[in-house]
1. Go through the range 58-77 residue by residue and tally those that are within 16 Å of the chain's Cα centre (by Cα) and assigned to a loop (DSSP other than H, G, I, E, B).
2. Under 8 Å between Cβ atoms, at least 6 apart or on separate chains: pull out the pairs that start in the range 6-20 with a residue that is more than 18 Å from W32 (Cα to Cα) and end on any residue that is exposed (fewer than 13 other Cβ atoms within 10 Å of the Cβ).
3. Which residues, counting only those in the range 20-56, are polar (S, T, N, Q) and modelled with pLDDT of 90 or more?
4. Taking the conditions exactly as written (open to solvent by 100 Å² or more (accessible area, probe 1.4 Å), basic (K, R) and assigned to a helix (DSSP H, G or I)), does R30 satisfy them or not?
5. Of G8, G47, G17, G55, which residue is part of a loop (DSSP other than H, G, I, E, B) and surrounded by 10 or more Cβ atoms within 10 Å (Cβ to Cβ)?
6. From (1) under 26 Å from M1 (Cβ atoms); (2) in contact with a helix residue (DSSP H, G or I) (Cβ under 8 Å, 6 or more places away or on another chain), pick out the condition that doesn't hold for V43.
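The values are calculated or read from the model by the stated rules, or taken from the named source; none is laboratory data. These numbers come from a predicted model, not from an experiment. Because the Cβ atoms are built from the backbone with ideal geometry, glycine has one as well, and the counts that use them run over all protein chains shown. What goes into the accessible areas is simple: the full protein's heavy atoms, side chains included, and nothing from ligands, DNA or RNA. Shrake-Rupley method; radii C 1.70, N 1.55, O 1.52, S 1.80 Å.
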Amino acid sequence: MKIAVILGLYILAFWRGCTLLQGQGRKLHRLWFGCILVYCAYVHICGITKTPYFGVSTLYIAYFQPAGRAIIKWLGG
């Protein structure tokens, strides 16, 4: 029930946001707005169900942190 309410609120936010987006290029803006809302709903639902999810920091933790540690160790730090 909680997930259904959350999804309903995201759909309402998408509908309201699309009505406010006007002017040239509105289709592209609506597409980006929809993508952002879908990602937010995905993270929100994963948080409710306590399932792991692909977040913004996943690439940083997986690739850039080990590379940074290796460079620091290589430089003698």
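1. 0
2. Listed pairs, sorted by first residue: I6/I48.
3. Narrowing the range 20-56 to residues polar (S, T, N, Q): 22, 24, 49, 51.
T49, T51 - these are the residues of the range 20-56 that are polar (S, T, N, Q) and modelled with pLDDT of 90 or more.
4. On the way: open to solvent by 100 Å² or more (accessible area, probe 1.4 Å): no; basic (K, R): yes; assigned to a helix (DSSP H, G or I): yes.
Spelling it out, it is not the case that R30 is open to solvent by 100 Å² or more (accessible area, probe 1.4 Å), basic (K, R) and assigned to a helix (DSSP H, G or I).
5. Numbers: G8 fails: part of a loop (DSSP other than H, G, I, E, B); G47 fails: part of a loop (DSSP other than H, G, I, E, B); G17 fails: part of a loop (DSSP other than H, G, I, E, B).
Answer to the check: G55.
6. (2)
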